[in-house]
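Every read-out reported here was derived from the displayed coordinates using simple, explicitly stated rules and does not represent laboratory data. Everything numeric in this text was worked out from a predicted model, so none of it was measured. Neighbour counts are summed over all protein chains in view; Cβ atoms, including those assigned to glycine, are modelled from backbone coordinates with ideal geometry.
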Amino acid sequence: MSEIPALPADFDPRAEFPILNSWTFLNHAGVAPISRPAREAIKTFAEQAHRDAYLTGRWYAGVERVRELAATFIGARPAEIAFAKNTSEGIAFVASGMDWRAGDQIISTAVEYPSMIYPWMDLAARFGVVHTQLPEHQGRFTTQQVLDAITPRTRMVALSHVEFASGFRHDLAAIGKVCRERGILLCVDAIQSAGALPVDVHALHIDFLSADGHKWLLAPEGAAIFFCRETLIPTLRPEIGWMNVINANDYSRHDFTLRPDARRFECGSHNIPGVLALGASIEMFLKITPSLIEQRIGGLVSHLRNRLAEKSYRVISSDQSGETSGIVAFEAPGGGASHGEIVAELERQRIIIVERQGRLRASPHFYNSPDDIDRLVDALPDGRET
Ligand SMILES: Cc1ncc(COP(=O)(O)O)c(C=O)c1O
């Protein structure tokens, strides 16, 4: 079995993630269970809000603390972080905030999650933006393929750090370096990487990033981190409400001066329990350390790949260095049960994986164990000869 480093001695996975007592949950690329600290943060908020709504000042200070934690977590500055209601809204800040011109090109892939496709289709329809969608080849892209698509009219490259259906991880450091040299913006959907893999926005030359908490960050749906590189903040026109301005709490003097930092993208009240829960999860990740989390996921994923190969299941996800993630996409041998039937039968056995783009997709997190992987593979039907 591949090397899987131990969890910290004071971390009891069954106490932290009681879902382990009832399910073999291997769908963190879907909607994941929330961490114990996230649950505690919501419970505390609910009690306080129920009994003593006068604590708003404390919650707002808590939101600012989460801004700092989120910044630390992705290598940004707090002034570069805004809270959005989901990944899609962060991407919409970019799509609707820039002054698009006919002929501007956006390079993306043909297999992005729809939240990274429809905004560009909308810009194509409204402004004549050219939306280039690169084809996937056997679960992979090459960096060269992305760079070769660049033209003098390329305005932005928009990619998921990790593609949701194949688990392919783009080499953002290499792509971003070229983009930065050529004055092309890099917009990244990081919901399938943040929490599973270390993300450093400046090392990866990312200009805009968006990631909701409900997958690898083990936080509830509806609270997302949006990063905007500091010098680009004035270039994005925000959606306007009462909170984007410098004197937001002065309700009678109407001074329409936008905040100089990323808080200018926040137009009204926050999802406070969601943001506090997200912060509690991020604190847990920082304590366990992103590198231990990455190593454990890497070990579990490679154990899964090996076990699937023994059983003649075809793994689609790339195993090349730098291209792996927490997602393993695979296909059953021909002639047996359909993928839909396999997913349904596994669920009957309380094992959760999903089907995406015609493939089976498993996505273990750091608190899973090799036994969870073995339970999945042992429950998969043997292939029949075709
Ligand atoms: C790559 C990717 N982006 C975005 C989303 C949806 O994010 P949200 O609902 O936070 O907008 C998903 C959900 O599966 C996803 O896989």
* Using the number of other C-beta atoms within 10 angstrom as an exposure proxy, rank M156, M284 with the fewest first. => M284, M156
* Over the C-alpha atoms of the stretch 38-287, what are the Rg and the largest Cα-to-Cα span, Dmax, in Å? -> 18.4, 59
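Estimate the FRET efficiency between R314 and A6 by the formula 1/(1 + (r/R0)^6), using the beta-carbon distance for r and 22 Å for R0, to the nearest 0.05.
Taking R0 as 22 Å, the efficiency between R314 and A6 is 0.10.
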* Structure fact -> HN-Hα couplings for the stretch 263-271 via Karplus (6.51, -1.76, 1.60; θ = phi - 60°), in whole Hz with x for Gly/Pro, come out as 5, 5, 7, 8, 8, x, 3, 7, 7
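Set the Förster distance to 51 Å, then compute FRET efficiency between R253 and A124 from the Cβ-Cβ distance, nearest 0.05. Intermediate values should be presented prior to the final figure.
Values: r = 42 Å, r/R0 = 0.82.
The calculated FRET efficiency here is 0.75.
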* Take the alpha carbon atoms of the stretch 228-288, find their center, do the same for the stretch 312-359, and report the distance between the two centers in whole angstrom. => 39
* Structure fact -> Spelling it out for A84: with amide H atoms placed in the peptide plane at 1.01 Å from N, the residues 5 or more places away or on another chain with amide H under 5 Å from its amide H are A224, I225, F226
* With θ set to phi - 60° and the Karplus curve 6.51 cos²θ - 1.76 cosθ + 1.60, what are the ³J(HN,Hα) couplings of the stretch 175-181 in order, to the nearest whole Hz, using x for Gly and Pro? -> 5, x, 4, 5, 4, 4, 4
* Asked: Counting pairs on different chains as well as pairs 8 or more places apart, how many Lys pairs in the stretch 38-287 have Cα atoms under 25 Å apart?
  -> 5
* Which stretch or stretches of the stretch 287-327 have amide N atoms under 12 Å from the point lying 7 Å from Q357's Cα along the Cα→Cβ direction? -> 316-318
* To do: Calculate one ³J(HN,Hα) per residue across the stretch 297-314 by plugging θ = phi - 60° into the Karplus curve 6.51 cos²θ - 1.76 cosθ + 1.60, and present them in order as whole Hz with x for glycine and proline.
  => 4, x, x, 5, 5, 6, 4, 4, 4, 4, 5, 5, 5, 4, 9, 6, 7, 8
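Could you work out how much longer the chain between D148 and Y54 gets when fully extended? Use 0.36 nm per residue separation minus the Cα distance between them, nm to one decimal. Let's see the in-between values first.
Numbers: separation 94, 0.36 × 94 = 33.84 nm, distance 5.68 nm.
Contour length minus the Cα-Cα distance gives 28.2 nm.
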* May I ask you to sort C228, C187 by Cβ crowding, counting other Cβ atoms within 10 Å and putting the fewest first? => C187, C228
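Percent relative contact order of the chain, based on C-alpha pairs within less than 8 angstrom and at least six residues apart? Write out the running numbers ahead of the final one.
Details: 762 pairs, mean separation 90.3, N = 386.
After rounding, I find 23 percent.
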